[in-house]
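Peer 1: Before we start, here is the structure in question, set down as structure tokens.
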Amino acid sequence: MGSVGSRSSYVLVSIAIVTALAAISAAAPARMLLFGLVAVGPALAAASANPPAVLAVGGYAFAAAFAVSTWQGFLGSAEQLTRLAVLTGMTVVGWGVARHHRNLTRSSAGTAREREMLAAVAEQSADAIIASDLNGVVMVWNGAAERLYGRPASEMIGRSFGEVLAEDGDVDLDEALAELSAGRRIHLDESHRAGKDGTPFVVSVDVWPVRDDDGIVVAAAATERDITDEKLARERSARADRLESLGQLAGGVAHDFNNLLAIILNYADFIADEVSGDAAADLSRIRNAAERAKSLTTQLLLFAKREPTRVEIIDLNQVVTEAGELLSRTIGENIRLVCRPGPDGLPVRANRGRLDQILFNLVINARDAMSEGGVVVVETDYVELAEGAAAGLPAGRYAQLTVSDTGCGMTPEVRDRLFEPFFTTKPADRGTGLGLATVYGIVGDAGGTIGVESAPGAGTTFRILLPSAVAPAGGRAGRSAGELAHGHGELIMVVEDDDFVRDLVIRILRDNGYRATHRDPDSLDALDLHDVALVVTDIVMHGRSGPALAGWLRARRPDLRVLYMSGYNDAEVRREYGIAPETPIVRKPFTAVELLAAVGEALSAAHAKGT
């Protein structure tokens, strides 16, 4: 409004000057020819940047000059015509100047509005926007930069950007400024920064040169986006994918290995009564080694989440309290174990043996990290997770188990691979690398998560979150073991595509009073099922599966009993092949005792139904 008023004043002044000069010309002697002086009016009006006003002033001055010159007797004279022509020319020139001035003013106003808009956009941007000269001195520092670095603009403008870069960081400011001076852009997918309080964060950076109207680089501008949470999420996802792939591999290896262990263990039992002396001792060592291998495959299956477990509702506080005394004796006299169970009960749905294994593995891992002694603290408590929590679990209430030590800690590289099977930093004779992988599998199988915080020299803390459960009203009675059942000449048909496992099953059955035979899954069309008391079949076989075979046989004989064998997880095979929960499955690797017990129960159930 001020600029519009000042421009209007030019018009008023011009009119006043024209009027004054016309009056002076009229009063002066005619020979002085002063009437032509009114031509200054349109020239002054040009400053108003208002072309119509210039024309109006010019017309007023023309009329005044014509009137005065005519009154003085110059009508039609060369003096009158010349001065009126000059006045007209001055008016046209003034109009052109005013029009040009108006266009410049409008352009400047538009540019100013654009700059104000750009400044507002930069200030309200979620990304940090920073500009500096070619010496690195900060000239622009928007609100997002203030929030990201914790430094106000008043503190940073006029100071070198190098002050916020770590000395050992991933950016060489001088080298970057040289690149920008040469007109080249810079992009960094990840660059590490630290706030004023020392909090580290990661940003993606784009920097480009700023040029003046002549195309010369005069400054540099950058946008920085905080990708700390995004990077952590990518790392968690990549780690989970890697562990999942390793779990699938480990599960497949363990399944195939279980078939071999079943053969080794049972054939060792077959010849146990036939040898003595050194041979018996050697055989015992073979069997002990196979049992240890069986334990390793169990841990592999736990990591792969393929080891079936019997779950119940257990008080996590009670587990920690009862395990404390045993663990104190296990870890040695130079290490103090402190158990701090929560004030109230912490019911979780899990397998008690697996929880004990978690505690044992974590405490032993802590002991091994404290060769000079130290303290291990085991704590429990409730935590409430909100929506979108970083733990990757649904919102709700969780029981937290924390195991902390004052040991040597670990590097980020070790921490990243900590839960991989067979990864260990211990000597070859002190660990298999399956302890923490097993813990990872158990926790995941229970629907929880495990995290670790550690740094070299700062100890290690494991945090486990398990879904909270409702405490049961009463205890659960354990199941009594079934009596071993020996055969009485019943005919049992064995269907197994692994020849060694098939021969093993047949030998166990024949050595314990059964008549056993085998059939290839593809050669059963002409089989007489009348005398068959039970079919023992593997579930997963090449070609026709065990459940498909059972359905085909029962179409010919509906009352035929079937007993399944499998080295896979019960839940997986039941879901994939539609096997009812009450249908028994013999898990590999089995012993003769376990197989005979399952066969006896299957036959007893058949007799109880009158078949």
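The values are calculated or read from the model by the stated rules, or taken from the named source; none is laboratory data. Since this is a predicted model, take the numbers as computed values, not measurements. Every residue, glycine as well, gets a Cβ built from its backbone with ideal geometry; the counts of neighbours run over all protein chains shown. Each accessible area value is taken on the protein alone, full model and side chains, heavy atoms only, with ligands, DNA and RNA left out. Shrake-Rupley method; radii C 1.70, N 1.55, O 1.52, S 1.80 Å.
Peer 1: Kindly list the number of the only condition in (1) within 25 Å of I264 (Cβ to Cβ); (2) in contact with a helix residue (DSSP H, G or I) (Cβ under 7 Å, 6 or more places away or on another chain) that fails for L560.
Peer 2: (1)
Peer 1: Could you identify the single residue in I286, I358, I264, I271 that is modelled with pLDDT of 80 or more, β-branched (V, I, T) and in contact with a Pro (Cβ under 9 Å, 6 or more places away or on another chain)?
Peer 2: The conditions single out I264.
Peer 1: Let me ask something else. Report, by residue number, each residue of the range 354-383 that is open to solvent by 20 Å² or more (accessible area, probe 1.4 Å) and either without any contact (Cβ under 8 Å) to a residue 24 or more places away in the chain or of a type in the set (S, T, Y) (or both).
Peer 2: Residues satisfying the conditions are S371, Y382.
Residue-wise test of (1) within 41 Å of the chain's Cα centre (by Cα); (2) modelled with pLDDT under 75; (3) closer than 30 Å to V403 by Cα.
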{"site": "V443", "(1), (2), (3)": "yes, no, yes"}
{"site": "A446", "(1), (2), (3)": "yes, no, yes"}
{"site": "F462", "(1), (2), (3)": "yes, no, yes"}
{"site": "G482", "(1), (2), (3)": "no, yes, no"}
{"site": "A485", "(1), (2), (3)": "no, yes, no"}
{"site": "H488", "(1), (2), (3)": "no, no, no"}
{"site": "N512", "(1), (2), (3)": "no, no, no"}
{"site": "T517", "(1), (2), (3)": "no, no, no"}
{"site": "D531", "(1), (2), (3)": "no, no, no"}
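Peer 1: Cβ-Cβ under 7 Å, sequence separation 6+ or interchain: first residue in the range 254-282 and in contact (Cβ under 8 Å) with a residue 24 or more places away in the chain, partner of a type in the set (F, W, Y) and surrounded by fewer than 17 Cβ atoms within 10 Å (Cβ to Cβ). Which pairs?
Peer 2: I263/F500
Peer 1: Of everything in the range 319-333, what is out of contact with any strand residue (DSSP E or B) (no Cβ under 7 Å at 6 or more places or on another chain) and open to solvent by less than 10 Å² (accessible area, probe 1.4 Å)? Give them in sequence order.
Peer 2: V319
Peer 1: From the set of residues in the range 47-59 that are crowded, with 20+ Cβ neighbours inside 10 Å and either under 60 Å from the mean Cα position of the chain (by Cα) or modelled with pLDDT of 80 or more (or both), which is nearest to S107 (Cα to Cα)?
Peer 2: The qualifying residue nearest to S107 (Cα to Cα) is N50.
Peer 1: Go through the range 68-79 residue by residue and tally those that are exposed (fewer than 14 other Cβ atoms within 10 Å of the Cβ) and either β-branched (V, I, T) or touching a residue at least 12 places away in the same chain (Cβ under 8 Å) (or both).
Peer 2: So the count comes out to 2.
Here's the yes/no breakdown for (1) modelled with pLDDT of 75 or more; (2) among the hydrophobic types (A, V, I, L, M, F, W, C); (3) assigned to a helix (DSSP H, G or I); (4) within 28 Å of D315 (Cβ to Cβ):
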{"residue": "R415", "(1), (2), (3), (4)": "yes, no, yes, no"}
{"residue": "F422", "(1), (2), (3), (4)": "no, yes, no, no"}
{"residue": "V439", "(1), (2), (3), (4)": "yes, yes, yes, yes"}
{"residue": "E453", "(1), (2), (3), (4)": "yes, no, no, yes"}
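Peer 1: Right, something else. V536 fails exactly one of the following numbered conditions: (1) over 52 Å from the mean Cα position of the chain (by Cα); (2) within 20 Å of A597 (Cβ to Cβ); (3) not in a helix (DSSP H, G or I). What is the number of that condition?
Peer 2: Exception for V536: condition (1).
Peer 1: Which one of these is open to solvent by 20 Å² or more (accessible area, probe 1.4 Å), of a type in the set (K, R) and modelled with pLDDT of 85 or more: R557, R574?
Peer 2: Result of the check over R557, R574: R557.
Peer 1: A further question follows. So, in the range 180-226, how many residues would count as being open to solvent by less than 60 Å² (accessible area, probe 1.4 Å) and within 11 Å of L148 (Cα to Cα)?
Peer 2: Adding up the residues that qualify gives 7.
Peer 1: Then there's this: Only one residue in A366, A323 is small (G, A, S), in contact with a Ser or Thr (Cβ under 8 Å, 6 or more places away or on another chain) and in a helix (DSSP H, G or I), so which one is that?
Peer 2: Being small (G, A, S), in contact with a Ser or Thr (Cβ under 8 Å, 6 or more places away or on another chain) and in a helix (DSSP H, G or I) holds for just one of A366, A323, which is A366.
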